[in-house]
Amino acid sequence: MQKLGAFYFSGTGNTKYVVERLCELLKNDFVVSAHDVCSPDSVEELRRSEIVVIAFPVYGSAPPLPIREFVFSNAQYLKGKRIIVVATQYMFSGDGAASLGRVLKKLGACVTHAEHFRMPNNISDCKIFSIKNGEEICGMLEKTNRKLEKFARKICDGTEFRRGFNSFSRAVGYCSQRALFRKHENEKRSLLKVDESACTGCGACVRACPVKNMSLSGGKAVPLGHCALCYRCVNLCPNKALALFGKAPPEIQYKGVPKQTLK
Ligand SMILES: Cc1cc2nc3c(=O)[nH]c(=O)nc-3n(C[C@H](O)[C@H](O)[C@H](O)COP(=O)(O)O)c2cc1C
Ligand code: SF4
Ligand code: SF4
């Protein structure tokens with residue numbers, strides 16, 4: 001059986017959930033393994049994988065920075081390989097998966113499958129996006145699970161499927177979100193705000209940040225200006241002391257996929 005490696009970035013667990021489900025569905029047809037792109041063994045695992053899944057949450061109709069860095073710095077291990085692109089999103093992206101797919105094709109990889117999966121919103125400090133937790137999100141997960149089953153069948157039987165690889169989806173993704181998001185992405189990386197009156201210096205954000213953007217100084221959290229915008233720390237801070245896009249920390253944090261659905 002061919003070795004299929006799934007490489008993901010996941011701020012708040014949605015993409016990790018989707019990748020783990022997909023691996024479960026593919027395990028009878030491939031030798032599967034899943035790896036966080038931020039983990040030290042990911043490059044060696046990529047080198048050894050014959051088929052590669054790249055999975056990420058869509059940020060402004062585009063892949064997050066850690067995924068772009070992983071792809072560009074390891075282009076030699078992607079060239080000529082069969083690639084499956086998986087994107088998770090709350091609402092829509094037009095061509096979120098295809099935006100990375102096009103890059104992969106230019107690097108000489110062969111993108112055979114690409115799909116978007118709806119997952120709960122994790123931007124918790126902006127009132128225009130509502131946060132759902134627990135039972136409230138089970139219906140959405142059921143639909144995603146059914147879509148994953150169909151997607152896995154296409155991968156196993158070799159039926160190529162590429163969502164969003166057309167000029168209409170590309171125009172929608174670019175004009176509705178990507179152009180604006182890309183323009184402001186760099187300045188957003190230093191937007192993280194700490195409410196010092198709420199921060200107890202517990203260090204949970206420092207330990208959890210996938211890109212080591214948090215430190216402690218004088219018993220308070222201090223962002224270092226290279227945030228990947230993943231919303232992990234904003235949603236896990238036990239004292240709700242952090243805000244990213246919003247002016248103030250969230251009233252309700254996103255707590256990830258409910259435990260009962262993780263079986
Ligand atoms: C910075 C940022 C930008 C986002 N942009 C979009 C978007 O353009 N379209 C969308 O539908 N969801 C968007 N989302 C929602 C996430 O893509 C979605 O919640 C995703 O499943 C989170 O995955 P994760 O838990 O693996 O990080 C955005 C989230 C963040 C944090
Ligand atoms: S997790 Fe919250 S309380 Fe703990 S150090 Fe970070 S910002 Fe402060
Ligand atoms: S600072 Fe927070 S939002 Fe930014 S990358 Fe780290 S955990 Fe994610």
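Every read-out reported here was derived from the displayed coordinates using simple, explicitly stated rules and does not represent laboratory data. Since the model is a prediction, treat every value here as computed from it, not as a measurement. We place every Cβ from the backbone using ideal geometry, glycine too, and count neighbours over all the protein chains shown.
Structural remarks
- Hull volume per residue, based on the alpha-carbon atoms of the chain and their convex hull, is 126 Å³.
- Evaluating 6.51 cos²θ - 1.76 cosθ + 1.60 at θ = phi - 60° for every residue in segment 121-132, the Karplus couplings come out as 5, 10, 7, 9, 9, 10, 5, 5, 10, 8, 9, 10 Hz, glycine and proline recorded as x.
- Legend: residue pairs Lys106/Lys183; Lys16/Lys143; Lys193/Lys259, Cα-Cα distance threshold 21 Å; pairs beyond threshold, Lys106/Lys183; Lys193/Lys259.
- The three principal axes of the Cα atoms in segment 1-112 give end-to-end lengths of 36, 29, 27 Å, sorted in falling order.
- Here Lys259, Lys27, Lys16 are placed in order of increasing Cβ neighbour count within 10 Å, fewest first, which gives Lys259, Lys27, Lys16.
- Exposure proxy shown here: for Glu136, Glu115, the number of other Cβ atoms within 10 Å sets the order, fewest to most, as Glu136, Glu115.
- What you get for segment 112-195, charging only the Cβ of Lys and Arg (+1) and of Asp and Glu (-1), is a dipole of about 340 debye around the Cα centre.
- Dividing the mean sequence gap of close Cα pairs (under 8 Å, 6+ apart) by how many residues the chain holds gives a relative contact order of 19 percent.
- Angle in degrees between helix 138-157 and the longest Cα principal axis of the chain, rounded to the nearest 10: 30
- From the alpha carbon centroid of segment 44-70 to that of segment 102-118 is 10 Å.
- Listing Ser93, Ser33 from fewest to most neighbouring C-beta atoms within 10 Å gives Ser33, Ser93.
- Straight-distance crosslink candidates among aspartates and glutamates, where the alpha carbon sits under 17 Å from Lys132 and sequence neighbours closer than 8 are dropped: Glu142, Glu251
- Tilt relative to the chain, helix 96-106 - C-alpha long axis, 0 to 90 degrees, to 10: 60
- The C-alpha atoms of the chain define a longest principal axis, and helix 179-188 lies at about 40 degrees to it.
- Each residue of segment 36-53 was assigned a 3J(HN,Hα) from its phi angle through the Karplus curve 6.51 cos²θ - 1.76 cosθ + 1.60 (θ = phi - 60°); the sequence is 6, 5, 7, 7, x, 8, 5, 5, 5, 5, 5, 4, 7, 7, 8, 10, 10, 9 Hz, with glycine and proline shown as x.
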